[in-house]
1. Give a residue-ordered list of calculated ³J(HN,Hα) values for the stretch 36-51 (Karplus: 6.51 cos²θ - 1.76 cosθ + 1.60, θ = phi - 60°; whole Hz; x for Gly, Pro).
2. What is the gain in length, in nm to one decimal, between F75 and Y21 on full extension, counting 0.36 nm per residue of separation less the C-alpha to C-alpha distance?
3. Output the peptides 33-44, 150-161 sorted from most to least packed, where packing is the average of other Cβ atoms within 10 Å over each peptide's residues.
4. How would you order 108-118, 51-61 from highest to lowest mean count of nearby Cβ atoms within 10 Å?
Amino acid sequence: MTQLRHYDNLGTARFVTFSTYRRQPTLIDCRTVTVVLNYLDAARSKHGFRLLGYVVMPEHIHLVLHPPDGMKLGFVIREIKSRSARDVYSHEPNAPKGVRRVFWQFRCYDHNCRSPESVVEKIRYCHNNPVKRGMVASPDEWQWSSWVCYHGAKDVPLVVDVEEWYASVLSN
């Protein structure tokens, strides 16, 4: 299998996508999505990346994040995926014992955002993904994205680092 290269030390924000196994719509219930977002938040605290935007779709997740120098993106995404999958499966009472089950696809895909405009474009892409797919009429109707954080909401599933990012973009 070809090894995908990640360019981890460019100092740029990253647009990351990872999918559920065989793109099954397993990210549809509140508990599962909350588990994933909690592990994403824990990884942010542990590894020190800034989360600039996100959307959780039924079969994939998009993130826009800004990693600190030296953070190995693949390792961090693998940690989020393995811990969240273990947690989701541990709460299934009828799960068969001893059977290896897969929740996430093996890989993640990332893109280096080389300008502030590229970062904004990727955040907008996240927010418009449910609209483009015909799941909602406007981004504010989708519960599982950072759109509400950018529009002043406080009671959100996962807070993004909006103010810090704006300050860093405006100072350049």
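Nothing in this text is a laboratory measurement; each read-out follows from the coordinates by a stated rule. Note that the structure is a prediction, hence the values are computed from the model and not measured. As a convention, Cβ positions derive from the backbone with ideal geometry for all residues, glycine included, and neighbour counts pool all protein chains shown.
1. Karplus values, whole Hz, x for Gly and Pro: 4, 5, 5, 6, 5, 5, 5, 5, 4, 5, 5, 9, x, 7, 9, 9.
2. Answer, rounded to one decimal: 17.6 nm.
3. The packing order, highest mean first, is 33-44, 150-161.
4. 51-61, 108-118
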